[in-house]
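Worksheet: the structure to be examined is printed underneath.
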Amino acid sequence: MNWPAIRAIYLFEMARAWRTLLQSIVAPVISTSLYFVVFGAAVGHRIETIEGVPYGAFIVPGLIMLTLLTQSIANASFGIYFPRFAGTIYEILSAPISPVEIVIGYVGAAASKSILLGLIILATASLFVPLRIEHPVVMVLFLLLTAITFSLFGFVIGLWADGFEKLQLVPLLIVTPLTFLGGSFYAIDMLPPVWRALSLFNPVVYLVSGFRWSFYGRADVSLGISLAMALVFLALCLGAVTWMFRTGYRLKA
């Protein structure tokens with residue numbers, strides 16, 4: 001394993017986050033805080049508790065998951081797309097570094113930035129509402145799984161996209177709507193039976209449910225199913241990245 005090469009890619013990507021601190025860190029935290037204030041203030045007065053949890057505290061795991069998904073995809077997709085756009089990807093591909101090491105460097109940096117954002121939002125939310133984390137090990141597990149999986153998904157998007165517009169296509173039209181409809185701000189048990197059944201086809205439901213269980217011990221679906229779905233999506237993303245490197249898809253001129 002070429003650790004110096006991995007470290008070089010990782011540190012370069014992390015340095016880009018610090019150079020664009022307002023865009024990479026501050027803006028997502030402010031946006032998520034506004035979600036929290038608006039939903040907590042506007043809806044919280046009408047819905048005091050959900051499954052015994054104050055509404056303001058109930059939405060915190062969903063908000064963290066929303067940020068984790070969107071930022072993991074954005075960080076990873078831009079991180080690998082820009083070298084393709086600038087032409088420097090060929091220098092990386094011709095260097096003595098394997099595809100596995102390239103993926104570890106880029107995905108590791110994207111996941112690290114997303115996890116940092118999630119922890120900052122968690123700390124910010126604790127200033128507004130009383131939070132408890134009943135299962136911290138499970139919380140960390142879902143943080144890592146989600147960040148790594150969706151960073152891989154973003155890496156796939158960054159290789160697939162042939163323009164800056166396509167970088168935003170999947171996150172805006174697919175991922176963000178699925179997150180809002182995935183129980184981030186409500187329990188799916190509150191939905192009519194038909195809509196609840198349809199919600200179970202939304203993969204984000206399982207991520208939000210498992211993550212919320214780590215906080216309050218309550219979930220829309222069982223923890224085992226949530227964990228299994230997260231691992232399945234991780235395997236699919238790994239398979240897609242492997243295929244892209246083996247075939248040279250969007251990598252070879």
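Readers should treat all values here as calculations from the given coordinates under stated rules, not as data from a laboratory. Here the structure is a predicted model, which means the values were calculated and not measured. In this analysis, Cβ positions are derived from the backbone assuming ideal geometry, glycine residues included, and neighbour counts consider all displayed protein chains.
Overview of results
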{"read-out": "Cβ-placed point charges (K, R +1; D, E -1), dipole of the chain about Cα centre in debye, nearest 20", "value": "340 debye"}
{"read-out": "Estimated FRET transfer efficiency when R0 is 30 angstrom, pair Ala235-Val26 (beta carbons, to 0.05)", "value": "0.30"}
{"read-out": "Taking Phe78, Phe12 and counting other C-beta atoms within 10 Å, the order from fewest to most", "value": "Phe12, Phe78"}
{"read-out": "Least to most buried among Phe215, Phe142, Phe180 (fewest other Cβ within 10 Å first)", "value": "Phe180, Phe215, Phe142"}
{"read-out": "Kirkwood-Stokes translational diffusion coefficient of region 91-206, alpha-carbon pairs, 37 °C, 0.692 mPa s, µm²/s", "value": "194 µm²/s"}
{"read-out": "Length released on extending from Ser126 to Asp189, taking residue separation times 0.36 nm less the Cα-Cα span", "value": "20.1 nm"}
{"read-out": "Inter-label distance, nm, simple model (7 Å from Cα along the C-beta direction), Ser98/Lys166", "value": "2.9 nm"}
{"read-out": "For the chain: relative contact order, % (alpha-carbon pairs under 8 angstrom, 6 or more apart)", "value": "26 percent"}
{"read-out": "Gain in span if fully extended, Glu51 to Met1, counting 0.36 nm per residue against the direct Cα distance", "value": "13.2 nm"}
{"read-out": "Order of Val221, Val103, Val26 under a 10 Å beta carbon neighbour criterion, fewest first", "value": "Val26, Val221, Val103"}
{"read-out": "In degrees, nearest ten, helix 136-160 long axis to first principal axis of the chain (Cα)", "value": "50 degrees"}
{"read-out": "Rg over Rh [alpha-carbon atoms, Kirkwood Rh] for region 3-247", "value": "0.99"}
{"read-out": "Projected label distance in nm at Leu173 and Ala8, using a 7 Å step from Cα toward the beta-carbon", "value": "3.8 nm"}
{"read-out": "Simple label model, 7 Å out from Cα along Cβ direction - Leu144 to Leu116, nm", "value": "1.9 nm"}
{"read-out": "Charge-dipole axis of the chain as Lys and Arg at +1 and Asp and Glu at -1 on Cβ define it, positive-most pick from Met190, Tyr10, Ile148", "value": "Tyr10"}
{"read-out": "Region 78-98 residues near the modelled Arg19 label - backbone nitrogen below 13 Å, point 7 Å along Cα→Cβ", "value": "79, 82-83"}
{"read-out": "Calculated FRET efficiency for the pair Trp243/Phe180, C-beta based, R₀ 22 Å, to 0.05", "value": "0.15"}
{"read-out": "Cut-off under 5 Å, modelled amide H: who pairs with Ile50 long-range", "value": "Tyr55"}
{"read-out": "Euclidean distance between Cα centres, region 97-147 to region 211-253, Å", "value": "15 Å"}
